[in-house]
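The values are calculated or read from the model by the stated rules, or taken from the named source; none is laboratory data. Predicted model, so just to flag it, every value in this text is computed and none were measured. Glycine also receives a Cβ, built like all others from the backbone with ideal geometry; neighbour counts cover every protein chain displayed. Surface areas here come from the heavy atoms of the whole protein model, side chains and all, with no ligands, DNA or RNA. Shrake-Rupley method; radii C 1.70, N 1.55, O 1.52, S 1.80 Å.
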Amino acid sequence: MEYSFRIQLVAIVSLMLVFPNTQGWGEDGHTIVCSIAQARLSNTAAEKVKELLPPGNDLASMCSWADHVKFYLPWSSALHYIDTPDNLCTYQYERDCKDQNGEKGRCVAGAINNYTTQLLNHGTDNSYNLTQALMFLAHFMGDIHQPLHVGFTSDRGGNSINVHWYTRKQNLHHCWDANIIETAEERFYDSNIDEFIDAIQQNITKTWSSQVEGWETCNSNETTCPDIYASEDIKAACQWAYKGVSDGSVLEDDYFLSRLPIVNLRLAQGGVRLAATLNRIFG
Ligand SMILES: [Zn+2]
């Protein structure tokens, strides 16, 4: 058993090297969301999170786990995003939350509800793997705040829109997963992710302080409210990500500097809401 586990682990690590991440905030985006969340956990939630994660880890270090296991848990790959009808710029759970075979609830919003429910039953129902539930929830809460994770169906959330990020060939989805964040880190934060996280945390406590309570709150005392996050996401996709972009567009300073505030905001909201959700689950 241990031997086969090791083989599996080697296989996963090799696959991680062969296939670059194509869905979800890149590694840095997820690390940022989870770091913001970790710092906002209540003592009770922090203890429970520590108990559930593999020894020596925190939320940030396990935040991209869900991207790394897509290849050996192929059923999970539909859970990272939502495809909505082209150009409508709206999201509806009943209409849109399904996988490519039409199976209902298999989308990032459905997954957030599902893993929240599993974690809420901690202590009473032992049939779930709560470590996995926590790592999925932490990851998907980031994904649902990446605007192109609730995107149009025909271009697969911008994956099939070819652009140039400055001089480099790229697809639009990847620009939002990684390029905007990486360019910001290089240009403004000495290529240091911790400085970027600090800057976002400053914004949370200063610039956005009056909005934070609203981000944390769900209607009618729900534990989490992914339908709200997904609706905001497709709106941001239309207003900012897709806007003015077509196949072959060259995206440079105009695009980068006007979209960076949206990326900052979505990373902040993802982190704040992940913490709020975990605080309610374990409260
Ligand atoms: Zn993902």
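Points worth noting:
- Count of region 78-99 residues which are part of a helix (DSSP H, G or I), open to solvent by 40 Å² or more (accessible area, probe 1.4 Å) and in contact (Cβ under 8 Å) with a residue 24 or more places away in the chain: 1
- Residue that is least open to solvent (accessible area, probe 1.4 Å) [pool: residues in region 206-234 that are under 16 Å from the mean Cα position of the chain (by Cα) and charged (D, E, K, R)]: Asp233
- Within region 219-239, residues that are over 14 Å from Arg266 (Cα atoms) have Cβ atoms under 7 Å from residues that are among the charged types (D, E, K, R) in these pairs: Thr223/Arg280, counting only partners at least 6 apart in sequence or on another chain.
- Between Leu260, Leu278, Leu274, the distinction of being surrounded by 12 or more Cβ atoms within 10 Å (Cβ to Cβ), within 29 Å of Val163 (Cα to Cα) and not hydroxyl-bearing (Ser, Thr, Tyr) belongs to Leu260 only.
- Of the residues making up region 247-274, those that are of a type in the set (Gly, Ala, Ser) and over 18 Å from Gly157 (Cα atoms) are Ser258, Ala268, Gly270, Gly271.
- Residue tally, condition at pLDDT below 95, among the aliphatic types (A, V, I, L, M) and more than 16 Å from the ligand (Cβ to nearest atom), over region 5-57: 7
- Filtered residues of region 144-162 (kept if among the aliphatic types (A, V, I, L, M) and within 14 Å of the ligand (Cβ to nearest atom)): Ile144, Leu148, Val150
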